[in-house]
Amino acid sequence: MEKFTKLSGIAAPMPLVNIDTDMIIPKQFLKTIQRSGLGKNLFDEMRYTQDGQEIPDFVLNKPQYRNAQIIVAGDNFGCGSSREHAPWALLDFGIRCVISTSFADIFFNNCFKNGILPIVLPQEDVDKLMDDAQRGANAVITVDLENQTITGPDGGSISFEVDPFRKHCLLNGLDDIGLTLEKAAAIDTFETQAAQSRPWV
Amino acid sequence: MTGKTLYDKIWDAHLVHEAEDGTSLLYIDRHLVHEVTSPQAFEGLRMTGRKVRAPEKTIAVPDHNVPTTQGRENPDQMPEESRIQVAALDKNALDFGIHYYPVTDIRQGIVHIVGPEQGWTLPGMTVVCGDSHTATHGAFGALAHGIGTSEVEHVLATQTLIQKKSKNMKVEITGKLAPGVTAKDITLSVIGHTGTAGGTGYVIEYCGEAIRDLSMEGRMTVCNMAIEGGARAGLIAPDEKTFAYVQGRPHAPKGAQWEAALAWWKTLYSDDDAHWDKVVTIRGEDIAPVVTWGTSPEDVLPITAAVPAPEDFKGGKVDAAKRSLDYMGLTPGMALKDIEIDTVFIGSCTNGRIEDLRAAAEILKGKKIAVKRAMVVPGSGLVRAQAEEEGLADIFREAGFEWRLAGCSMCLAMNPDQLQPGERCAATSNRNFEGRQGRGGRTHLMSPAMAAAAAVTGRLTDVRDLM
């Protein structure tokens, strides 16, 4: 997993609430057996017409947002299906950070497994960043994970919360499975005990 | 000391390790696997030379992609990409030695229907699957939730999951349900009440007389949609109905082990003095047969209501409602009962069980459909066989329904069962998102009886008018 330390980039505004993972990556693209290559179909049905033409009004099709690395989104981003193809598609497009007032649980988890930082902020902070994002390339936002700050184009700084363990994994690009396997002895012990107490499992 | 909730008890029984900051390693008793969210996980194991730690606790079945038409055992029936994905699961199941129900097995079906049916899902277990509707298994008093593909790989390799504990939420449905009101109406009404993010950060326990009165099938329908309310999981304390459902199933414990299991299962309830972080109470008598009008499962109204206007909402929901109404092709103020439909889909992990088919057949008996297309997709090969034995299949066929083979089908439209742009569907599935059942397709969620009623009249219908 690629490390996440500090990111300075263009933020795309997506104020719609309840952007679900079916919108982020529609089911016809879930047939892949790979993780890569999904960026071109990110937000496919919002981004392209039925015959594959770009819809000019869609935010990521606008010239100033084509290289966005951050999305500022409406409430409950990533709800619905557990498909990890959603963060894979975001990452493949180049998005490394999503900011919203709330995220759906599974999507939130999936982001951290892929080097994407989802940030939860109060409504007023999201509103402020949404305004910044509306200014496109004139409004580069800097996300500093180490110091847990977001710096806007006008120099104002917002601090954010992040789970310490997840922060550690993101900063160092750590693989969860490797970390868990360090606890293999504890898993062995649990299994031995469970075989006694719940042998039917 | 305060008592424990059911969730607390299951959590404690599966805790392998807890760090100071609360980051925990939770043991997983059952890992269910399907073809769409697993290929990258198995590939990860191959690349790192890892094995499946507990293949005997890992169960795989293809369901999302598989065609539901006859002759599907012939791979040529599938588009190339679907064929490759199902073939990958065939190979992964064989290579890693996990339990497998291929498409040719009568026990094949939707993973969340197969698990309980085969007795893999038992009270007090932790159950995960790379699918958000894993919450279904909570009906047995199991802690069950969806995970992403990286977590699928993590569970395959370690039989554990890194978790932080959720908060406890109680959803109580008091009293009795009125005639024509079902488990689907309960679960949709709860989401209508709490919103799609109302459960975020929580595990929900459903309780109360109306929940107790539900069959196991009904309880699975309720828990299935916990995720649609944002909750990590939904569960219901096991009782005599649960034990009776489980007993005798192929992978349920037997003999002395059954007795030992039963003794523990009977301790699985929330203590009277347990702490709840959030409580929602709804009177069973107040729940009506409902339908969704928009593109979020929280867009729920009684069938007797009218299409709302964007101004009826607040904040970001105003623009979302505008977008929904435009997508759904609806005008504020229009009676829901005047909405004409052209497709009916009965099936899915929400409502593809035998009781669902019985409820729909009851309405359809001796009637004909008044829609362009209607299909029943049983949740498993065994549900299908039972429905044929009970004569339900004949009722569906005579009414004009297509009688399909088991799979996820038009719930998410990954296989050829899809809506065309602008087509409007009465569906018993779980999501009415834009494009969910096919690009431009319009979905109204409802119970099987309500979907059957809509099939007969050609418009959204109050099932009580046909009873």
### Summary
Here the residues within region A:40-89 that are in contact (Cβ under 8 Å) with a residue 24 or more places away in the chain, acidic (D, E) and touching a strand residue (DSSP E or B) at 6+ places or on another chain (Cβ under 8 Å) are A:D75
### Query
Quick one: how many residues across region B:382-395 are closer than 15 Å to B:E117 by Cα, surrounded by fewer than 21 Cβ atoms within 10 Å (Cβ to Cβ) and touching a helix residue (DSSP H, G or I) at 6+ places or on another chain (Cβ under 9 Å)?
2
### Query
Got at least one residue in region B:400-408 being at pLDDT 95 or above, within 13 Å of chain A (Cβ to nearest Cβ) and surrounded by fewer than 19 Cβ atoms within 10 Å (Cβ to Cβ)?
no
### Task
Could you grab me the full set of residues in region B:71-102 that are modelled with pLDDT under 95, part of a loop (DSSP other than H, G, I, E, B) and either of a type in the set (D, E) or at negative phi (or both)?
B:R72, B:E73, B:N74, B:M78, B:P79
### Query
Can you name every residue in region B:409-423 that is at pLDDT below 95 and surrounded by fewer than 21 Cβ atoms within 10 Å (Cβ to Cβ)?
B:P416
### Summary
For region B:399-424 the number of residues that are over 18 Å from B:A361 (Cα atoms) and touching a residue at least 40 places away in the same chain (Cβ under 8 Å) is 14
### Search result, residues across region B:429-467 that are of a type in the set (K, R) and touching a Gly at 6+ places or on another chain (Cβ under 9 Å)
B:R431, B:R436, B:R442, B:R464
### Query
Looking only at helices (runs of 4 or more DSSP H) that fall completely inside region B:343-442, which ones have 3 or more residues that are in contact with a Leu (Cβ under 8 Å, 6 or more places away or on another chain)?
B:354-364, B:381-389, B:392-399
### Message
Among the listed residues B:A260, B:A231, identify the single one that is surrounded by fewer than 17 Cβ atoms within 10 Å (Cβ to Cβ) and facing chain A (nearest Cβ under 10 Å).
### Response
B:A260
### Summary
Selection from region B:103-115 of residues of a type in the set (V, I, T) and in a helix (DSSP H, G or I) yields B:V111, B:I113, B:V114
#### Entry: Failed condition for B:A309, given (1) surrounded by fewer than 15 Cβ atoms within 10 Å (Cβ to Cβ); (2) within 14 Å of another protein chain (Cβ to nearest Cβ)
(2)
### Condition met for B:P308 (of a type outside the set (G, A, S) and touching a Ser or Thr at 6+ places or on another chain (Cβ under 9 Å))
no
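Just to check your reading of the model, which residue among B:A135, B:A139 is under 14 Å from the mean Cα position of the chain (by Cα) and within 12 Å of another protein chain (Cβ to nearest Cβ)?
Result: B:A135 is the single residue among B:A135, B:A139 that is under 14 Å from the mean Cα position of the chain (by Cα) and within 12 Å of another protein chain (Cβ to nearest Cβ).
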### Message
With the requirement that a residue be more than 19 Å from the chain's Cα centre (by Cα) and closer than 28 Å to B:P39 by Cα, what does region A:46-70 give you?
### Response
A:Y48, A:G52
#### Entry: Test: residue in region B:141-157 that is of a type in the set (D, E), in contact (Cβ under 8 Å) with a residue 12 or more places away in the chain, over 18 Å from B:H251 (Cα atoms) and assigned to a helix (DSSP H, G or I)
yes
### Task
Need at least 2 residues that are within 9 Å of chain A (Cβ to nearest Cβ) and hydrophobic (A, V, I, L, M, F, W, C) per element, so show me which strands (runs of 3 or more DSSP E) inside region B:1-66 make the cut, counting only ones lying wholly within it.
B:15-18
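When you check B:Y269 against the structure, is it away from chain A (no Cβ under 14 Å) and not in a helix (DSSP H, G or I), yes or no?
Numbers: away from chain A (no Cβ under 14 Å): yes; not in a helix (DSSP H, G or I): yes.
So B:Y269 fits the description; yes.
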### Message
Of everything in region A:190-201, what is among the β-branched types (V, I, T) and facing chain B (nearest Cβ under 8 Å)? Give them in sequence order.
### Response
A:V201
### Query
List pairs: first in region B:46-58 and touching a residue at least 60 places away in the same chain (Cβ under 8 Å), second of a type in the set (A, V, I, L, M, F, W, C) and part of a strand (DSSP E or B), Cβ under 9 Å, 6+ apart or cross-chain?
B:T58/B:L32; B:T58/B:V33
### Message
Within region B:161-232, considering only helices (runs of 4 or more DSSP H) that don't extend past its boundaries, which have at least 2 residues that are among the β-branched types (V, I, T)?
### Response
B:183-194, B:216-224
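What number of residues in region B:178-228 are basic (K, R) and crowded, with 23+ Cβ neighbours inside 10 Å?
Of the residues in that region, 2 qualify.
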### Query
Only one of (1) touching a residue at least 24 places away in the same chain (Cβ under 8 Å); (2) surrounded by 24 or more Cβ atoms within 10 Å (Cβ to Cβ) fails for A:N109. Which number is that?
(1)
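The values are calculated or read from the model by the stated rules, or taken from the named source; none is laboratory data. Keep in mind that what you see is a predicted model, and the values were worked out from it rather than measured. Don't worry about glycine lacking a Cβ; one is built from the backbone with ideal geometry, like all the others, and counts go over all protein chains shown.
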